[in-house]
Amino acid sequence: VVLGGMAGRVVSAESPPPALEKGYLLQPGDMLQVTVWKEPELTGEMLIRSDGGVSFPLVGEVRAAGATVAALTEEFSKRLKKYVPDPVVTIAVKSLGGNQIYVVGKVQHPGGFSFVKPLDVMEALSLAGGSTPFASLNNILILHRENGRQHAIRFHYNEVASGRNLAENILLESGDTVVVP
């Protein structure tokens, strides 16, 4: 099951999650390397700000968060055409700092965890070192924000661990919080 307006959709091994079908979606905190061929003064790094934007010489302000690298490259090329004939722009993700989930409550190591590949609830719990002895594993909640509104999704650890209800082991999205009471 994939969040982000797609709750209830089962993702099999044959069909990649929608975010992977169109490419990695850039997030605030990601560091990008921009190169414009034969234009050394238009080469540099840029950090996607917390507001999702980036600034670059001759390009100006661009919204990067939520875009793919290909879409951002196309936008840079379009804007640079005013100043550089036939610009050849390359944008590469230098470091992924934007995809982060949080695991809080009765786990061994609560906190934020960065991820670079799709991450499900069981993997997030593993990153947090597993639960403490007094955790209520069948009352775990995943807090997810969609369109500015937060909602909770129940997760029953024992159901998933026994293989009975694998659909509950959803893929998490950046900003999701797993709460282990």
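Only one of Lys38, Lys22 is open to solvent by 50 Å² or more (accessible area, probe 1.4 Å), modelled with pLDDT under 95 and more than 27 Å from Phe115 (Cβ to Cβ); which?
Lys38
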Report task. Pick out the one residue from Ala135, Ala124 that is of a type outside the set (Ser, Thr, Tyr), in a loop (DSSP other than H, G, I, E, B) and open to solvent by less than 40 Å² (accessible area, probe 1.4 Å). Result -> Ala135
Query raised in the report: What do you reckon, is Glu45 among the acidic types (Asp, Glu), in contact with a Gly (Cβ under 7 Å, 6 or more places away or on another chain) and in a strand (DSSP E or B)?
Result: no
Requested in this report: May I ask you to list the residues in segment 138-160 that are farther than 18 Å from Lys106 by Cα and in a helix (DSSP H, G or I)?
Outcome: Glu159, Val160
Report task. Considering (1) over 21 Å from Lys117 (Cα atoms); (2) among the small types (Gly, Ala, Ser); (3) at pLDDT below 95, say which one Ser77 fails and leave the rest. Result -> (3)
Query raised in the report: If you check every pair at least six apart or on different chains, which have Cβ atoms under 8 Å apart with a residue in segment 153-170 that is small (Gly, Ala, Ser) first and a residue that is in a helix (DSSP H, G or I) second?
Result: Ala161/Met122
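The values are calculated or read from the model by the stated rules, or taken from the named source; none is laboratory data. In this text, all values refer to a predicted model and were calculated from it rather than measured experimentally. Every residue, glycine as well, gets a Cβ built from its backbone with ideal geometry; the counts of neighbours run over all protein chains shown. Heads up: the accessible areas ignore ligands, DNA and RNA and are worked out on the full protein's heavy atoms, side chains in. Shrake-Rupley method; radii C 1.70, N 1.55, O 1.52, S 1.80 Å.
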